[in-house]
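Comments concern the structure below.
Please treat every number below as a calculation from the coordinates, not as lab data. Keep in mind that this is a model prediction, so the values were computed, not measured. Using ideal geometry, Cβ is built from the backbone for each residue, glycine included, and neighbour counts are taken over all protein chains shown.
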Amino acid sequence: MESSAVPTIQFQDTGRIFAGAWALRHVNATLLPGSVYAVLGANGAGKSTLLRLMAGWLPASEGRICLGPSFMRPTAIHLRRKVMLLDDTSGDRKAELSSPVDDLCQLVRDYHAERAGIEDEIANWFERLRLVPVSRSKRGEMSKGQAYKIAMVGLFAIAPPIWLLDEPFSAGLDAEGLQILENQIREHAERGGTVIFSSQWPEHARRLADGALVLHEGKLVWSGVPDEKPNDELTDSAAPALQAVLQGLGPS
Ligand SMILES: Nc1ncnc2c1ncn2[C@@H]1O[C@H](COP(=O)(O)OP(=O)(O)OP(=O)(O)O)[C@@H](O)[C@H]1O
């Protein structure tokens, strides 16, 4: 992956409203290539909404999200191919009769990622993630973790520049699967890619991320290097749900 192919992501006063309630408001942030970011916050803080906006699954209601010089939006198909979002719907199958292999072949075509060797890569990932026994399984015949691993195969083989992972640590992965995912996250960033994951737990940010964004009730209340969060007044005066996140950051 050429580093020039990885756009900087900029939130410019970005907001999203659902049925009259703002899920996100006035978000301003810059996310650089070659980095891993953690999006932290309590339930309902706006983490999934932020990732869905970045993926182009939802339009912003105000402000915008720039990927390099272009604006991300649901109709920007060429831009959406630079991004892949794995969430709790990953592994859901489009057609009752399709197999994981059929779905991955379709995903490769959707991303215009056909190239020599990609089928072997997919086969290797099936072996490494111990998915061979379910490679022809039907919908409903796989465990939650297996379905998520199938989505991981698509992510690793297609490897678009920007990886978005919504709560990957709650996706039902076993210890080996988690280790592989964490290694791939770091390797993707070392190749110049960007990874943004959401989590409820600050320790994931400390262990894996170069930067953290903390959301509370749809607002970006803190961003910076996880280990460098100062123990300031924000922590003491914040709402308990936010305190629990902020206290988990800072020097160990
Ligand atoms: N499609 C939707 N329609 C209406 N409200 C929505 C929709 N999606 C999200 N919301 C609301 O937006 C707010 C933020 O939701 P979001 O899913 O982004 O939070 P989250 O931080 O990911 O939460 P969790 O940790 O529980 O997954 C919540 O109040 C939620 O109820």
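Tell me the trypsin sites (Lys or Arg not before Pro) within region 9-100 that lie in a loop according to DSSP and have at most 16 other beta-carbon atoms within 10 Å. Listed in order of number, the matching sites are ARG81, LYS94. When you filter the trypsin sites (Lys or Arg not before Pro) in region 145-252 for DSSP loop state and at most 16 other Cβ atoms inside 10 Å of their Cβ, you are left with ARG191.
Footprinting exposure proxy ranking of VAL214, VAL6, VAL134, fewest other C-beta atoms within 10 angstrom first, gives VAL134, VAL6, VAL214. Compared with the dominant Cα axis of the chain, that is its longest principal axis, helix 100-110 is turned about 70°.
With Cα atoms defining each centre, region 173-234 and region 38-69 are spaced 15 Å apart in the structure. For region 89-159, dividing the convex hull volume of the Cα atoms by the residue count gives 80 Å³ per residue.
Strictly over 30 Å apart at the Cα level, which of LYS149/LYS229; LYS82/LYS149; LYS149/LYS219 would you flag in this model? The answer is LYS149/LYS229; LYS149/LYS219. Distance between the modelled labels on SER70 and GLU114, one decimal in nanometres: 2.1 nm (7 Å Cα→Cβ projection).
Between the Cα long axis of helix 118-128 and the first principal axis of the chain there is an angle of about 80°, rounded to the nearest 10. No solvent, one uniform scatterer per C-alpha: report log10 I(q)/I(0) for the chain via the Debye equation at q = 0.07, 0.10, 0.12 1/Å, two decimals. Calculated log10 I(q)/I(0) at the listed q: -0.24, -0.49, -0.70.
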